[in-house]
Amino acid sequence: MSAIYILWLREVKRYLRSRTQIIASLAQPLLYLLVLGFGLGPVFEKSGQGSYLQFVAPGVIGMGILFTSIFSGIGLLWDRQFGFLKETLVAPVPRLYIMMGRTLGGATIALLQGTLLLVVCLIAGFRPQHVALLPVALLFMAMIAIVFAALGTAVGSTLRDMQGFQLIMNFMVLPIFFLSGALFPLNNLPAALTVATRIDPLSYGVDGLRAAFLGLSHFSIAADLTVLLIVAAGFMMLGAWSFSRIQI
């Protein structure tokens, strides 16, 4: 278990030392928050849906966690390229512990990033209606981070090329984000989009955040948490299997 802690601590320290990464990773979520939040606000209000900034802020938080956690798999490719991964794999510890330490480290970084985005959203004018449910919101943020950090590790374990990782991640990340309901309500969608949004794990994370912050839920908190737990377990097993097949 000490191996898990050491690898987790290494990932967190590497993130905290990179101030440029912290600032740069906030740029895209802030663009969605400010441009869409204020730009589409009047249209959203005229349709009788209330403040669009209030609606989109949980989605932007989920987006920041998604991007940070899933791209944590890039660190695996850097470690493979510079030889640190080989040194880690020959250590007398199970590979499952190594994979768990990296995944939890990536999830912790994503959770910190999501917390920073929450603070920025509060500064921009976002006002949670249920402050007592803040621990529930943090739980959903953690679950989103674990789900997609495990997925990033699973994908990073199967690739050797940085360009290949970028292509696959862009092919996966953008549909996951846009189909999650982060930018639009999930009600009254066409049948094909309804199916796609229900398959998307991030839909349940964003829905859980809205339920915790605003009391708005398309599914239910119990359903959201159950789905995220199942998907997290599945991606962890997939990541462990992929990691176990890495050739030294």
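The figures follow:
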| read-out | value |
| --- | --- |
| Top-ranked residue in segment 75-105 [being crowded, with 18+ Cβ neighbours inside 10 Å and among the aliphatic types (A, V, I, L, M); ranked as modelled with the lowest pLDDT] | 85 |
| Matching entry among 231, 147 (being closer than 22 Å to residue 57 by Cβ, in a helix (DSSP H, G or I) and either in contact (Cβ under 8 Å) with a residue 40 or more places away in the chain or of a type outside the set (Ser, Thr, Tyr) (or both)) | 147 |
| Residues of segment 175-205 classified as part of a helix (DSSP H, G or I) and within 13 Å of the chain's Cα centre (by Cα), total | 7 |
| Per-region count, segment 114-135, residues touching a residue at least 12 places away in the same chain (Cβ under 8 Å) and either of a type outside the set (Lys, Arg) or assigned to a helix (DSSP H, G or I) (or both) | 15 |
| Qualifying residue in segment 163-174 (condition: assigned to a loop (DSSP other than H, G, I, E, B) and among the polar types (S, T, N, Q)) | no |
| Hey, residue 208 under 16 Å from residue 65 (Cα atoms), within 20 Å of the chain's Cα centre (by Cα), modelled with pLDDT of 85 or more and in a loop (DSSP other than H, G, I, E, B) or not | no |
| Qualifying residues in segment 213-248 (those that are under 17 Å from the mean Cα position of the chain (by Cα) and buried (at least 20 other Cβ atoms within 10 Å of the Cβ)) - the one modelled with the lowest pLDDT | 239 |
| Condition met for residue 125 (on the phi > 0 side of the Ramachandran plot and either surrounded by fewer than 19 Cβ atoms within 10 Å (Cβ to Cβ) or touching a Cys at 6+ places or on another chain (Cβ under 7 Å) (or both)) | yes |
| Cross-chain or 6+ apart pairs with Cβ under 7 Å, segment 188-207 first and in contact (Cβ under 8 Å) with a residue 24 or more places away in the chain and closer than 11 Å to residue 218 by Cβ, then among the hydroxyl-bearing types (Ser, Thr, Tyr) and not in a helix (DSSP H, G or I) | 203/180; 206/180; 207/217 |
| Filtered residues of segment 211-223 (kept if assigned to a loop (DSSP other than H, G, I, E, B) and over 19 Å from residue 52 (Cβ atoms)) | 219, 220 |
| All positions within segment 18-36 that are modelled with pLDDT under 70 and either surrounded by 14 or more Cβ atoms within 10 Å (Cβ to Cβ) or in contact with a helix residue (DSSP H, G or I) (Cβ under 6 Å, 6 or more places away or on another chain) (or both) | 21, 22, 25 |
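The values are calculated or read from the model by the stated rules, or taken from the named source; none is laboratory data. If you're wondering where the values come from, they're calculated on a predicted model, not measured in any experiment. When we count neighbours, we look across all protein chains shown, and the Cβ atoms used for this are built from the backbone with ideal geometry, even at glycine.
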